[in-house]
Amino acid sequence: MAVMIPTLLLLIAVTLVYSLAHDPDGRRQPLRVIREAYRLYRGPIFRGLIPDLTKYLRPGFHPDDIDTNALLEHWQEELFGTDGELVGYLK
């Protein structure tokens with residue numbers, strides 16, 4: 001798992017360079033593309049994922065280590081409660 005994160009980031013960088021090399025608009029404005037790529041890395045997707053992914057990279061981690069009972073109760077009520085969206089599909 002610890003190898004996957006750096007590999008993913010490297011793959012994204014290589015894909016960006018490849019895309020830049022084959023995109024006429026990207027070749028005309030490479031600084032703009034680089035700025036947008038930088039914003040992608042600094043944006044909410046990566047900033048939101050990296051802290052959560054570090055939990056999974058801990059030695060001895062198991063998904064049951066994260067308490068998801070509140071989340072499970074919320075969605076059970078939302079989907080299968082008295083006015084739940086999926087109540088009509090239950091047998």
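So here's what we get for this one:
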| quantity | calculated |
| --- | --- |
| Selection count, the stretch 23-35, where residues are loosely packed, with under 11 Cβ neighbours inside 10 Å and charged (D, E, K, R) | 2 |
| In the stretch 55-91, residue modelled with the lowest pLDDT [restricted to those that are outside any helix (DSSP H, G or I) and among the basic types (K, R)] | K91 |
| Residue among I45, I5 that alone is of a type in the set (A, V, I, L, M, F, W, C) and free of Cβ contacts under 8 Å to residues at least 12 places away in the same chain | I45 |
| Test: residue in the stretch 1-23 that is small (G, A, S) and within 15 Å of the chain's Cα centre (by Cα) | no |
| Residue that is nearest to I5 (Cα to Cα), among those in the stretch 36-65 that are loosely packed, with under 11 Cβ neighbours inside 10 Å and among the small types (G, A, S) | G48 |
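The values are calculated or read from the model by the stated rules, or taken from the named source; none is laboratory data. Worth saying up front: this structure is predicted, and the values here are computed from it rather than measured. We place every Cβ from the backbone using ideal geometry, glycine too, and count neighbours over all the protein chains shown.
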